[in-house]
1. Starting from residues that are free of Cβ contacts under 8 Å to residues at least 24 places away in the same chain and not polar (S, T, N, Q), keep the ones in the stretch 911-933 and report whichever is surrounded by the fewest Cβ atoms within 10 Å (Cβ to Cβ).
2. Could you check the stretch 345-356 and list, in sequence order, the residues that are part of a helix (DSSP H, G or I) and either of a type in the set (S, T, N, Q) or at pLDDT 95 or above (or both)?
3. For the stretch 123-176, give me the residue count where each residue is more than 33 Å from the chain's Cα centre (by Cα), in a helix (DSSP H, G or I) and farther than 24 Å from residue 189 by Cα.
4. Within the stretch 451-501, track down each residue that is of a type in the set (A, V, I, L, M), under 17 Å from residue 689 (Cβ atoms) and not in a helix (DSSP H, G or I).
5. Test each condition in (1) closer than 26 Å to residue 347 by Cβ; (2) of a type in the set (A, V, I, L, M, F, W, C); (3) in contact with a Leu (Cβ under 8 Å, 6 or more places away or on another chain) for residue 149 and report the one that comes out false.
6. List pairs: first residue in the stretch 209-233 and free of Cβ contacts under 8 Å to residues at least 12 places away in the same chain, second residue surrounded by fewer than 21 Cβ atoms within 10 Å (Cβ to Cβ) and assigned to a helix (DSSP H, G or I) anywhere in the structure, Cβ distance under 6 angstrom, at least six positions apart or on different chains.
7. Considering 300, 315, 278, 323, which residue is out of contact with any Cys (no Cβ under 9 Å at 6 or more places or on another chain), assigned to a helix (DSSP H, G or I) and either over 23 Å from residue 230 (Cα atoms) or of a type in the set (Phe, Trp, Tyr) (or both)?
8. On the given criteria, is residue 456 without any contact (Cβ under 8 Å) to a residue 60 or more places away in the chain and buried (at least 20 other Cβ atoms within 10 Å of the Cβ)?
Amino acid sequence: MRRRTGGIAFMRRKRWTASHTTPRGSPQRGHVADDGDPVSDLTNRSIELMEDFERTGRPAVLDEAITLGRAALRAAPEDHPYRALVLSNLSLALESRFRRTGDLTALNEDIELIRTAVRTTPDNDPHQAALLYNLGNSLWLRFDRTGDVAHLDEAIGAYRATLHATPDDHPRRVSRASNLGVALKNRYDRTGDSEALHEAVELLRAVFHADPHSRHSLYQLANALWSRFEQTRDVEYLDESITLFRETVRAAPDELPFRQPLFHAASLTNLASVLVERFEQTWELRDLDEAIKRGRAALRAIPDGHAYSSIALSRLGNCLVLRFKHAGKEKALDEAIKVGRAAVRVTPDDHPDLASALTDLGYALKLRHIHKGAEQDRAEALSLWERTAGMTAATPSRRIKVAREAGHLASSSDPGRAADLLERGVLLLPEVAPRRLRRGDQQQALSENWQLTSDAIAHVLADTRVDTARRAMRALGLAEAGRAVLLSQALDTRSDLSELRFLRPDLAARFVDLRELLGQDNAPTAVPTGVSRIERVGRERHRLAAEFEAVMDTIRDCEGFASFGRPPTPEELLPESVDGPVVTINLSSHRSDALLLTGQGVVSCPLPLLTLNETLGQVDAFYRALDEASDPTGDAVSAQRALRRVLEWLWDAAAEPVLSALTACGELSKPSGDGGQLPRLWWTLAGPLAGLPLHAAGHHAEEDGPGGHRRTVMDRVISSYTPTIRSLRHTRQHRQPPNESLRSLVIAMPDTPGLDAPLRHVREETQRVRARLPHPVQLIGPGPDAPSRPDTPTLANVRSHLPHCAVAHFACHGVSDSTDPSQSRLLLHDHATSPLTVSALSQLMLGHGQLAYLSSCNTAAVGERWLSDEAIHLTSAFQLAGFTHVIGTLWPINDRLAVDVAESFYTYLAAGPSGRPAPDRAATALHHTVRDMRDRYPRLPSLWAAYLHVGA
């Protein structure tokens, strides 16, 4: 499910975690024996002062403790038996200075000292677990201060090592498990890693059950459940989180005395924030009133000048903004801006929390601009957001969303500035879906940025600062960068390795190993036994992703490999028009255009009739009509008429202007009507338009249009599709030469286990197809209850045959998963246990694939519009796996007609001089087949318009 954006602001709220108060448990010091040694004496005096500081919070006491700690370190030679403990105790004192003052220099010194202590202590030393724990705390604090996920990853590693070294009955096991849980939750908050959140909730629930009366246990579990609510939108998690935060506020203190006010303030602030979340769900005013009351109490509880008052100020500001939006009280909005300015003022310029404060203040100023029309408020909000979008310490998701909001705010007055801001957001999209995340998390992150790329392209094309040619080239670059992000990420890893294998076989081998391991959505298991599946998955995936990036960097440092795994520039894509123009259509609420890649370069073609709202309506009408046409009780005649109306609109609004523009610039000849060979054309679609058959657009019920020519796409060009121009380039570069010794594979599933929907014509289809294919190998389902045989189309059997086949024909059921398109699948015999999914196909790298024909339903369906820019479906997955040509379908196809379509296709495929099937004729063969079906059933587009060709 998509995450809903809240009403206060447009991104996840910052919450106080343990790193804003204290890690769970008291500092784990190493006391030394009082043996008269100067090192012992200095160390013990420093420890006594630290204990005094923890009772009183007096800065002068802390400064003296640090001075004595430094003296102890100078007095301890490298081989001194207490040196590791001296290092550790001094690091703890410096950590306390950082907590008190925010001095990053103190924290950096602290980390280097504790790292040295860990490094110089044997693994079997009884102090090692405590040292690792302290290292984890310090690294966690640096992550919270800088936003660098590498520090959080290292902290998690240290906490894991600590926990595994801690016996179940150890008195500190609960606190150590708690800190690991909270660090994992922070990983989810920062990166969107759902596996980390799952493990965090497991750990923190266990901690809570082991220590149910601790404020820390209550607080940390409440935080984790809040994150789970944001992930799932399940209000049960939100209600439980509110209950636990209330108990935290009421519970007796169990932390160090001078930290109690800050912990109480953190509890109040987060309680206020979750109450606001519930208010946005229910609009119960009492929740908002209580949130404001709790927010004010939190500010009163924070010690004067404390760095983390910025969070409490920002959260109170958000509550007041909601009060304004709900009740229209201007005083509330003015106060929100006042506390927002205070939040910005008290936050250091290099602190990650500054992004949150700037974001929230900008939103309040924007609201006041809308309410009062003050241009100064709009200008200030825009300046704040522009600054936030450039902050590397902020999360990529926040920077993208801020860039988007800022771009829209600038749109009416300064389209050039808006274009720059939106472009910045688009170029950050790969960072919200890194390889370290599972595919489902990547999809979730990308789905939250629907229409960003389209809006950026629209504003770039409206930017009058540059000429139209440069605008078009820049727009094409954005289309390539912001669409099919996951596909592009996969293409990054599929560079030709032959030269690298010759020069650096070690790097090439490790690159391949890591690529294959990361391609598995279930992470590898090469970790210690006795750990949970969730922990194993999360740990390995993050480690492997970091190593993979390091290997990529090493390869690029090799001479001649600087561009290894990098996307091509727009200029490098220009030659891809060699076989025909490539048309990228952009649909936006601001304007719509086609970007035409031709032999002359890139030109733009405005499409004024193709509006976003009209397209959404046409898509809905089209698929409602498809449902009606397939319903035995529906009005089929009316439904087919509705389908034709959409195809006619699609011609008028998109296809005809594009074809006219290409004809005007000499890329297409005028229609001659002499029956000669038609030119090729590739369509690149995204957004809701990707759900419509542009190749079938036209007035098919007309015999002839103006000048005696039919007004349809298929009577003007042979259409193919490609997710991006880059993927077309990759397919062409890896095109396999004809090989007469290669086999064909035919997979037939007339009956599907667990599905009461037999395909009665599949046997006939496969018989006709086999007669037209070279060296066919057939795998056919034995029936729903029959035992598996060697020729049964199981996932394992299909995968074992695919690498040796030039042509693969699948005649089976297909399922399009609209909510998780990576789980769209072809239903083989063992689909219930081993499904042939998009995700599974994307892991394959087939060396001989030339043509995959998917005689199944919905194999090119884009599913939910939120991910329609990503082109995640079975057809694109087969293309990525290595098939140069793929035949797919946009919606369910007729079982009986599928036999005729397949037979006609393979007949045309063998229509060349050799008389043998030629996969490179796939687009032409499908074009003639579909046009023949159109001529037989011109008023029934549901029967023939679903079929399309993807690839070279």
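The values are calculated or read from the model by the stated rules, or taken from the named source; none is laboratory data. Not measured: the values here are computed from a predicted model. Backbone-built Cβ (ideal geometry, glycine too); neighbour counts: all protein chains shown.
1. Step one: filter the stretch 911-933 for residues free of Cβ contacts under 8 Å to residues at least 24 places away in the same chain, giving 911-915, 921, 925.
Keeping just the survivors that are not polar (S, T, N, Q) gives 911-913, 915, 921, 925.
Values: 911: 15, 912: 14, 913: 6, 915: 8, 921: 19, 925: 27.
So, considering only residues that are free of Cβ contacts under 8 Å to residues at least 24 places away in the same chain and not polar (S, T, N, Q), the one surrounded by the fewest Cβ atoms within 10 Å (Cβ to Cβ) is 913.
2. Passing the criteria: only 356.
3. 5
4. Scanning the stretch 451-501 gives a single hit, 484.
5. Only one criterion is unmet by residue 149, namely (3).
6. none
7. Values: 315 fails: either over 23 Å from residue 230 (Cα atoms) or of a type in the set (Phe, Trp, Tyr) (or both); 278 fails: either over 23 Å from residue 230 (Cα atoms) or of a type in the set (Phe, Trp, Tyr) (or both); 323 fails: either over 23 Å from residue 230 (Cα atoms) or of a type in the set (Phe, Trp, Tyr) (or both).
Exactly one of 300, 315, 278, 323 is out of contact with any Cys (no Cβ under 9 Å at 6 or more places or on another chain), assigned to a helix (DSSP H, G or I) and either over 23 Å from residue 230 (Cα atoms) or of a type in the set (Phe, Trp, Tyr) (or both), namely 300.
8. Yes: the conditions hold for residue 456.
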